[in-house]
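*Asks:* Below: one structure in structure tokens.
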Amino acid sequence: MAIFKDIASVRQWRQSLRGPLALVPTMGNLHDGHLALVKLAATRAEQVLVSIYVNPLQFGPREDFANYPRTLDRDLQRLHDAGCQTVFAPDDGLMYPRGRQDISIVMPPRSLSKVLCGASRPGHFAGVCTVLSKLLHMVAPEILLLGEKDYQQLRIVQQMVADLNLNVQVLPGPLQREADGLAYSSRNTYLNPAERQVAPLLAQTLFDLARRSTSAANIASLTTEGWERLEQAGFLPDYLELCDAQTLQALDVPQPDARWFAAARLGQTRLIDNVIVPL
Ligand code: AMP
């Protein structure tokens with residue numbers, strides 16, 4: 001297995017490739033959602049590179065950067081077992097050699113980045129866009145794989161790629177779920193057994209709201225009902241909204257190409273999920 005830790009070696013490898021390269025950026029603690037992206041990448045490109053880097057720039061001061069699960073050995077084993085042979089694992093010194101305080105950053109459009117998660121995580125999407133821009137410049141892949149689990153991130157990066165004329169095709173991967181509906185997430189490992197039992201209710205609520213978001217539906221009352229259901233189960237909801245899947249602006253009436261989005265805290269764990277409306 002090739003594990004690149006500096007820019008020169010990843011670029012040298014990249015230049016030696018004949019066919020197209022797909023990049024799957026991750027923060028590690030890999031699960032089946034990540035591996036599905038890797039498998040999808042392998043159907044679209046001859047070579048797949050997975051990056052593993054916990055990007056400090058996208059964590060707020062009171063968020064879980066210090067505790068974020070770092071499981072590199074296990075991740076490498078999982079990738080090896082899945083047939084992925086190439087990993088880029090930079091460290092902070094490589095990504096932010098002058099520190100993080102006074103550097104150039106990539107600022108996504110307000111309309112996409114101040115809503116949903118952006119409302120309670122200021123600077124998060126600028127951190128995401130900055131690190132992804134750097135990775136794209138370091139690796140120069142033809143294809144960039146992003147999961148629909150982080151749907152807002154996907155839309156923002158698609159817009160960044162268009163706005164900055166980046167020469168890469170963004171390929172979305174479907175959201176992968178555990179058997180009980182809970183979306184795979186690296187943060188699920190924070191859940192204690194009792195919370196893990198309750199956690200699938202977030203997805204169940206979104207699926208229920210999506211199914212009932214017919215053209216005659218009253219979205220305000222569906223939202224109130226969903227919010228109360230989450231609270232009664234022990235969640236502390238951050239947002240629960242029906243939004244246009246392209247603009248991410250909140251909708252008060254159903255329309256085609258809409259999605260329900262939610263973020264909610266369960267104990268110490270912040271979970272996010274989204275479900276398409278089958279209109
Ligand atoms: P992360 O390691 O959380 O930064 O995620 C790396 C990539 O995996 C992102 O593009 C995520 O959207 C994607 N991803 C994470 N969880 C899932 C999931 N349950 N289904 C599909 N993609 C996922």
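*Asks:* Which trypsin sites (Lys or Arg not before Pro) in region 56-110 sit in a loop by DSSP (not H, G, I, E or B) and have at most 16 other Cβ atoms within 10 Å of their own Cβ?
*Replies:* Loop-located and lightly packed - ARG62, ARG70, ARG98, ARG100.
*Asks:* OK, next. With springs only between Cα atoms under 10 Å, which of TYR151, TYR184, TYR96 fluctuates most in a Gaussian network model of the chain?
*Replies:* TYR96
*Asks:* Taking square-rooted eigenvalues a ≥ b ≥ c of the alpha carbon gyration tensor, is region 1-53 rounded, prolate or oblate, where a/c under 1.5 means rounded and, failing that, a/b exceeding b/c means prolate?
*Replies:* Here region 1-53 falls in the oblate category.
*Asks:* State, in angstrom, two size descriptors of the chain derived from its alpha carbons: Rg to one decimal place and Dmax to the nearest whole number.
*Replies:* Just the Cα atoms of the chain yield Rg and Dmax of 19.0, 58 Å.
*Asks:* Among the lysines, which fall within straight-line cross-link reach of LYS114, defined as a Cα-Cα distance under 21 Å, with same-chain neighbours fewer than 8 residues apart omitted?
*Replies:* Once the sequence-local lysines are set aside, what remains near LYS114 is LYS149.
*Asks:* Now, a different point. Hey, for a label at THR214 modelled as a point 7 Å past Cα toward Cβ, could you say which residues of region 235-279 have their backbone N under 17 Å away?
*Replies:* Residues passing the 17 Å test: 253-256, 277-279.
*Asks:* Right, another one. Among GLY123, GLY147, GLY19, determine the one that fluctuates most according to a GNM of the chain built with springs between C-alpha atoms less than 10 Å apart.
*Replies:* For the chain, modelled as a Gaussian network with Cα springs under 10 Å, the answer is GLY19.
*Asks:* Where does each of SER16, SER185 land when they are ranked from fewest to most other beta-carbon atoms within 10 angstrom?
*Replies:* Going from least to most buried by this count: SER16, SER185.
*Asks:* Work out the P(r) tail for region 186-272: percent of alpha carbon pairs separated by more than 23 Å, whole number.
*Replies:* Value for region 186-272: 24 percent of Cα pairs lie more than 23 Å apart.
*Asks:* Quick one: ILE52, ILE105, fewest Cβ neighbours within 10 Å first, how do they rank?
*Replies:* By the 10 Å Cβ count, ascending, the order reads ILE105, ILE52.
*Asks:* Another question, if that's okay. Rounded to the nearest 0.05, what FRET efficiency is calculated for ALA233 and SER111 with R0 set to 41 Å and r the Cβ-Cβ distance?
*Replies:* 0.80
*Asks:* Let me know the Rg and Dmax you get for region 36-170 when you use only its Cα atoms, in Å.
*Replies:* Answer for region 36-170, Rg first and Dmax second: 15.2, 41 Å.
*Asks:* Helix 32-44: angle to the longest alpha-carbon principal axis of the chain, degrees 0 to 90, nearest 10?
*Replies:* Result, in degrees: 60.
*Asks:* So, one more: Need the list of lysines near LYS5 for cross-linking: C-alpha distance under 24 angstrom, and skip anything on the same chain fewer than eight residues off.
*Replies:* LYS39, LYS134
Readers should treat all values here as calculations from the given coordinates under stated rules, not as data from a laboratory. In this text the structure is predicted, and so the values were computed from the model without any measurement. Neighbour counts are summed over all protein chains in view; Cβ atoms, including those assigned to glycine, are modelled from backbone coordinates with ideal geometry.
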